Structures are given as structure tokens and as C-alpha cells.
Amino acid sequence: MNRTLEERRARLAAGLDTSENIREVFAKVPRHLFLPDRIWPKVVGAPLDRDTDPEGWADHAYADAPVITQVNGGEEGTVNVPTSSSSAPSVMATMLRAAGVRQGQSVLEIGTGTGFNAALLCELVGQGGRVLTLEIDPSVAVRARRALERTGYAPTVLLGDGTAGHESRERFDSVIATCAVVRVPAGWFERTRAGGVVVLPWSPGVTLPGGMMARLVVDALTRSGEGRFAGGADFMPAREQRSRRGAPPDRGKVADRVWRVPGDARDLILSGAGPQMALMNPGTAMGFQPVDGGGSLVWLAEPESSSWARLHADGRMEQGGPGQLGERIWTSYEWWKAQGSPDLTEYGLTVTAEGEHRVWLRSPSGPSWTHLPVRPHTTV
């Protein structure tokens, strides 16, 4: 089994689209030693136990996929809600490369999780560097400390989320957050040296797909940050910023309006336009529902209102409630197409000391995302 695990690790590292030094640390640090014996391959479904399925467990440990390591905050529940995980290695590699971590640097990590990323950081900064990692869940922190000790890594592991002054007042070359936030805490900028970077998964809301890996260069004088998105990022939201996920509309609910759009209506959300949908409709939840005859539709709902929409593979769009949610999604898509169908990396984020978050397209002086007026469509 040890030899097989090593082969899996080498294959995973070699397949990462990143710099050679980052591939080297993934090849060196054993991810499986940071994972518990029970993991959840999917949000829905039974857990996977190492004792009963060692090969399946090993395959998942070295797949380029996230591994759910805790559900329901460690408590039993009838529905499993992921509360801690090990991120997909390719996403971790993107984050590490965006941070530009080098030998001798100091790094603050927000969200220790399994400790695997902290171990990678220790390799990147080397003997002359420093890694401080913060974890808000005491039980998760204990597990991570043990795993780091067993594997010979010695970052400082503290309880916290980087927003409290007692955790550390030193400034770091970079701050890396492994939890998604809607509002970037000012404390993360305060702990970054002038010209340093904060790399974090950012989202305009916690519901629609559209998580973005932001790389913000810090202006220490103004305590602000600005930079382009490095790519997509699907991370669990920070615990203090989690909100209700919303529920799908009842399958028997009759729509107020029905119309058709060209192609597969689900692509309005699932294509490259997904981030723009999230930017322009940040309070919207989404999910999938099976349909008769096979396949699925995409549902959308606003948790704070009764507005909802359904997107079908045959181009049908349905909406109900006062908010004209389906119309707003279509208007957002048209705006994205009018801008040349920009890639996520063409967008950027500015966060001011006053807490203003502004997403811009192509340059800080370029167009900012905004809520556009709804354009009605013909009912069919």
C-alpha cells in the first residue's frame, strides 16, 4: 500500500498545471497522512472508510478533487453539511502560485483544515521562513497539529480567523485564506506588509456558482487591496459569513411566466457566464432537480423572498414570485455577452479600508458590475 500511495502521489503532482517548484512540494508532502480514515467523496452519499475500502480511499486521497473531512461540525445529522475539507490540489496549486511564496518568507494561513496546505507552505518557505496557520475549529486544529507533528512539519498552529488582535500583530509577506468570504476582513490587510499579497477565495454571495480566487496587492498605508482574479475557486464559506442556502421551488409550483431562449437555458448559469450571474444576482441560491424522463433542470431561488426560476435543457425558462428572477438572469447573461464574454481572469476586485468591495472588468477604471434593469421577454 505504501508504494502504491507513493505512485499515486507522484502521478498527481506530475499532472498539476503549475510551476516546477510547486509540483515538487506536492510530490514530496504525503496528502494521505493528513486525511482522516473516514472521508466523504460527495456531499450526498455515504462516507468512505479506509478500513473497509482502502483502495477507494487511496484513490480519492490522490485524486485532483476536494476531500470532505468533516460534516455537521463533527456532529451526527440526518443531512450531511460539509464543514471542513481538503481542497482540490490543482486549486491549491493555483493559490500557492498566486501568492508567490518563496524561500525565507513569512506566510499567514487562514484556515488550517487538515494541515496539508500548511505543510506545503513549510516546504516552500524553507528553514529560514515562517508559517503561522489559524483554525477556528478546536477539534480540527488538534487533528492538524498531530498530522503536522507526525510528518515532521512545525508551523505555528493557533485558534482564530485572523481578525482578532491577540492572534498575531506581525506582518507577513503573504496571507492565504482557505475559506471563501463575501467580505474581506480588514485584519487580513493589516497583517500583510506593504506590497505583499492576500490570496483568498471571494464570492459576491454564498449561493450561486462563481467563487473567484482573488490576488490582492496590499497598500499598507491605506489598508486596502486590489488585483485581478487568478481563476475559479470553490471553497467552503468562512463560518461567520455563512448564510441560508435557500430551498428549491416545489416541483408542482406553477410559473407566472414561461419563455424560451436559444440553446440550453442551464448554460446561463453553468457556462463561463456563471461568475457574472453571481456578481449581478448575489443573493440567489441554486441547485439541480431531476426531471421526468431523465436529466435535470437548474433551479434558482432567493432565500429572502418567494422569487424563483427554473432553467431547462430545451431552452425553457420559468419564473415565479415578484422578483422576476428568470428575467434578471437573462439580462445578466446578455450583459456578459455584450462585453465580449469575458473570462473570469479579466475581472478584478478592489477592497477599500472602509470595506467597499468593487468588482471591475479589465482594469480598475473599467466598467463595474451592477444590477441591471430587467428586460421582459415574451411569454409562450
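The values are calculated or read from the model by the stated rules, or taken from the named source; none is laboratory data. Because the structure is a prediction, the values reported are computed rather than measured. Counting neighbours? That spans all protein chains shown, and the Cβs are built from the backbone with ideal geometry, glycine included. These accessible areas exclude ligands, DNA and RNA; they are computed on the full protein's heavy atoms, side chains included. Shrake-Rupley method; radii C 1.70, N 1.55, O 1.52, S 1.80 Å.
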Subject >> Residue list for segment 88-105, restricted to those being polar (S, T, N, Q) and either open to solvent by less than 10 Å² (accessible area, probe 1.4 Å) or in contact with an Asp or Glu (Cβ under 8 Å, 6 or more places away or on another chain) (or both) >> reply: S90, Q105
**OP:** Check off (1) open to solvent by 20 Å² or more (accessible area, probe 1.4 Å); (2) modelled with pLDDT of 90 or more for W259 and give me the number that stays unchecked.
**Re:** (1)
**OP:** Check off (1) at pLDDT 80 or above; (2) assigned to a loop (DSSP other than H, G, I, E, B); (3) not aromatic (F, W, Y) for R245 and give me the number that stays unchecked.
**Re:** (1)
Original post:
Looking only at residues in segment 175-202 that are over 14 Å from D219 (Cα atoms) and of a type in the set (G, A, S), which one is surrounded by the fewest Cβ atoms within 10 Å (Cβ to Cβ)?
Top reply: A180
**OP:** Might you check whether a residue that is modelled with pLDDT of 95 or more, touching a helix residue (DSSP H, G or I) at 6+ places or on another chain (Cβ under 6 Å), buried (at least 18 other Cβ atoms within 10 Å of the Cβ) and polar (S, T, N, Q) occurs anywhere in segment 123-138?
**Re:** yes
**OP:** Looking only at segment 311-318, decide whether some residue is open to solvent by 10 Å² or more (accessible area, probe 1.4 Å), in contact with a Lys or Arg (Cβ under 9 Å, 6 or more places away or on another chain) and among the hydrophobic types (A, V, I, L, M, F, W, C).
**Re:** yes
Original post:
Within the set of pairs 6 or more residues apart or between chains, which connect a residue that is over 10 Å from R31 (Cβ atoms) and free of Cβ contacts under 8 Å to residues at least 12 places away in the same chain inside segment 61-72 to a residue that is hydrophobic (A, V, I, L, M, F, W, C) and open to solvent by 10 Å² or more (accessible area, probe 1.4 Å) with Cβ atoms less than 9 Å apart?
Top reply: N72/V79; N72/V81
Original post:
Do you know which residues across segment 139-157 are open to solvent by less than 10 Å² (accessible area, probe 1.4 Å), touching a Pro at 6+ places or on another chain (Cβ under 8 Å) and of a type in the set (V, I, T)?
Top reply: none
**OP:** Just name the residue that is farthest from R9 (Cα to Cα) out of those in segment 107-149 that are under 19 Å from the mean Cα position of the chain (by Cα) and polar (S, T, N, Q).
**Re:** T133
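Taking R362, is it on the phi > 0 side of the Ramachandran plot and in contact with a strand residue (DSSP E or B) (Cβ under 9 Å, 6 or more places away or on another chain)?
Numbers: on the phi > 0 side of the Ramachandran plot: yes; in contact with a strand residue (DSSP E or B) (Cβ under 9 Å, 6 or more places away or on another chain): yes.
It is true that R362 is on the phi > 0 side of the Ramachandran plot and in contact with a strand residue (DSSP E or B) (Cβ under 9 Å, 6 or more places away or on another chain).
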Original post:
With G326, G348, G321, G294 as the choices, which residue is in contact (Cβ under 8 Å) with a residue 12 or more places away in the chain, surrounded by fewer than 20 Cβ atoms within 10 Å (Cβ to Cβ) and small (G, A, S)?
Top reply: G321
Original post:
Just checking, how many residues over segment 281-291 are surrounded by fewer than 18 Cβ atoms within 10 Å (Cβ to Cβ) and in contact with a strand residue (DSSP E or B) (Cβ under 9 Å, 6 or more places away or on another chain)?
Top reply: 5
Subject >> Listing of helices (runs of 4 or more DSSP H) fully contained in segment 1-69 that carry 1 or more residues being open to solvent by less than 50 Å² (accessible area, probe 1.4 Å), within 23 Å of Q103 (Cβ to Cβ) and among the aliphatic types (A, V, I, L, M) >> reply: 2-14, 20-28
